[in-house]
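First the structure, in the form of structure tokens, and then the observations on it.
Each value in this text was obtained by applying a stated rule to the coordinates, not by laboratory testing. Note that the coordinates shown come from a computational prediction; the quantities given were computed from them, not determined experimentally. Neighbour counts are summed over all protein chains in view; Cβ atoms, including those assigned to glycine, are modelled from backbone coordinates with ideal geometry.
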Amino acid sequence: MKLRDLDVLHVAPPPPGWGGRYWTFVKVTTDDGIVGWGECYASTVGPKAMTAVIEDVFARHMEGESPENIELMFRRAYSAGFSQRPDPTVIGAFSGLEIACWDILGKARNRPVWALLGGLMNARIRSYTYLYPEPDEDAAEFWVNADMTAQAAARAVAQGFTAVKFDPAGPYTIRGGHHPAMSDISRSVEFCAKIRAAVGDRADLLFGTHGQFNTPGAIRLGQALEPYSPLWYEEPIPPDNLAEFAEVARHVRIPLSTGERLTTKAEFGALLRLGGVKILQPALGRVGGIWEAKKIAAIAEIYNAEMAPHLYAGPIEWAANIHFAASIPNILMAETIQTGGAFHLAIIRNSITWEDGYIIAPQAPGLGIEVDEALCRAHPYTGNRLHLEMQEDPCDHRHGNRFGGGAPTQ
């Protein structure tokens with residue numbers, strides 16, 4: 001069995017677009033006709049350029065190879081161009097292709113992917129969701145309105161969620177870390193207070209940021225949130241200076257989490273050695289794939305750290321996250337888009353089950369999903385924007401900041 005054909009699909013979810021502007025799926029077919037699906041969570045370049053990168057990685061390092069030889073193919077991609085260091089674009093391309101290899105292997109052996117990764121450790125995986133507005137609510141107002149968000153938190157807990165995430169702390173910009181505006185701190189405290197009042201002790205609060213603060217600013221904001229006991233304080237500083245996470249942790253009594261923008265065990269290993277972060281959030285479509293994430297989880301065990309795989313993408317990465325989470329002992333929880341996401345679930349023909357706050361480990365072969373290829377092709381992304389984009393304007397201390405939420409305009 002050899003890897004033979006590749007097709008790349010950029011799928012645009014319809015409004016409101018939870019999960020990003022588009023999702024990059026790869027369809028890999030073997031010479032004996034087995035099809036595997038994967039997803040790349042990397043868009044540092046536009047979709048046309050990313051397609052070229054994926055095609056190059058496949059042709060250069062994987063085509064004609066056995067899908068079993070994941071370690072060999074990873075080392076080829078990781079070493080490409082005399083590099084042997086993390087590259088989010090190349091490794092992101094490889095990640096989706098690697099996920100497709102696991103899908104192929106599971107289908108070839110008639111076993112779910114988790115069975116090939118050490119077996120079933122967790123039949124149910126605790127899940128969390130961002131808080132999203134209802135279809136009839138003003139989305140622009142929702143992201144800055146603590147009362148509306150608290151109502152959404154109560155709805156989520158009534159559905160069965162035991163953890164909810166929100167990020168009211170202002171914009172993330174290309175300029176790197178900044179001091180939060182005092183209004184950003186006040187809004188963040190108000191969100192925590194009202195959401196805690198709405199959910200009581202029935203759910204953990206997950207305070208999201210996107211690497212937007214400098215170290216003193218992250219400490220100042222984190223200390224203001226401590227009375228509400230969030231389970232985590234996510235990526236409070238930019239990911240390009242891992243040592244500073246330990247400095248934030250020395251001054252803030254909320255567990256730090258990070259990882260959606262990190263790639264390979266090299267970066268996660270350095271993060272753990274430097275200290276400060278005990279909750280790791282790899283995006284499997286960027287980190288190197290399922291096997292690389294398993295290595296990171298094993299390293300994390302040594303540091304008494306837990307895994308909480310990130311998801312702001314499509315349902316194929318979600319499926320990969322679930323098999324990874326099902327197979328490791330140190331899973332904390334896994335992100336979902338609401339209870340799976342209407343369009344996400346339609347793409348995979350409702351082949352993953354969310355139930356009373358948990359994702360049920362799939363039992364079908366491979367990733368255990370049924371991809372509706374026709375539906376994917378009926379929603380192509382034809383623009384040249386990036387999956388997510390950062391604001392160029394600086395933080396506005398004079399007039400206040402209104403974060404626009406996670407549904408980018410097309």
So if we plug the beta-carbon distance of ASN110 and MET390 into 1/(1 + (r/R0)^6) with R0 = 51 Å, what FRET efficiency do we get, rounded to 0.05?
0.70
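Note down the magnitude of the dipole of the stretch 115-366 about its Cα centre, charges +1 on Lys and Arg C-beta and -1 on Asp and Glu C-beta and zero elsewhere, to the nearest 20 debye. Intermediate results must be reported in sequence, preceding the final value.
Working: 20 positive and 26 negative charges, 136 e Å.
Rounded to the nearest 20 debye, it is 660 debye.
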With θ set to phi - 60° and the Karplus curve 6.51 cos²θ - 1.76 cosθ + 1.60, what are the ³J(HN,Hα) couplings of the stretch 13-29 in order, to the nearest whole Hz, using x for Gly and Pro?
x, x, x, x, x, 4, x, x, 5, 7, 10, 9, 9, 10, 10, 10, 10
What is the antiparallel percent of DSSP beta bridges lying wholly in the stretch 115-366, to the nearest 5?
20 percent
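For the chain, what is the relative contact order in percent, using Cα pairs closer than 8 Å and at least 6 residues apart in sequence? Working shown, then result.
Numbers: 911 pairs, mean separation 98.2, N = 410.
After rounding, I find 24 percent.
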Note: the stretch 273-393 at 4 °C, 1.567 mPa s; Kirkwood Rh on alpha carbon pairs; Stokes-Einstein D in µm²/s works out to 82 µm²/s
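Could you pull out the GluC sites (Glu not before Pro) across the stretch 308-410 that fall in loop regions by DSSP (anything but H, G, I, E, B) with no more than 10 other Cβ atoms inside 10 Å? Could the numbers behind the result be given before it?
Numbers: sites: GLU317, GLU335, GLU355, GLU370, GLU373, GLU389, GLU392; in loops: GLU370, GLU389, GLU392.
Those satisfying the criteria are GLU392.
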Just going by the charge dipole of the stretch 330-387, with Lys and Arg at +1 and Asp and Glu at -1 on Cβ, which of ILE360, LEU386, ILE337 is farthest out on the positive end?
LEU386
Rounded to whole Hz and in sequence order, give me ³J(HN,Hα) for the stretch 271-284 from the Karplus expression 6.51 cos²θ - 1.76 cosθ + 1.60, θ = phi - 60°, writing x for Gly and Pro.
4, 5, 5, 6, x, x, 10, 10, 10, 9, 10, x, 9, 5
Taking the alpha-carbon centroid of each part, what is the distance from the stretch 333-359 to the stretch 9-27 in angstrom?
15 Å
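Taking the inverse of the average 1/r across all pairs of different Cα atoms in the chain, what Kirkwood radius in Å do you get?
On the way: mean 1/r = 0.0470 Å⁻¹.
It is 21.3 Å.
Per DSSP H run of at least 4 residues, take -39500 (n - 2.57); add these up for the chain, divide by its residues and hand me the 222 nm value, nearest 500 deg cm²/dmol.
On the way: 14 runs with 154 residues, N = 410.
It lands at -11500 deg cm²/dmol.
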Give the range of the longest stretch in the chain that excludes all trypsin sites (Lys or Arg not before Pro) found in loop regions by DSSP and having at most 16 other beta-carbon atoms within 10 Å.
3-174
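Quick one: plug the Kirkwood hydrodynamic radius of the stretch 171-310 (C-alpha pairs) into Stokes-Einstein at 20 °C, 1.002 mPa s, and report D in µm²/s.
Numbers: Rh = 15.3 Å.
This corresponds to a translational diffusion coefficient of 140 µm²/s.
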Take the alpha carbon atoms of the stretch 57-110, find their center, do the same for the stretch 133-198, and report the distance between the two centers in whole angstrom.
38 Å
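Could you tell me which of the pairs LYS48/LYS278; LYS107/LYS165; LYS165/LYS294; LYS2/LYS265 are separated by over 32 angstrom between their Cα atoms in the structure shown?
Working: LYS48/LYS278 37 Å; LYS107/LYS165 35 Å; LYS165/LYS294 25 Å; LYS2/LYS265 27 Å.
Listed pairs above 32 Å: LYS48/LYS278; LYS107/LYS165.
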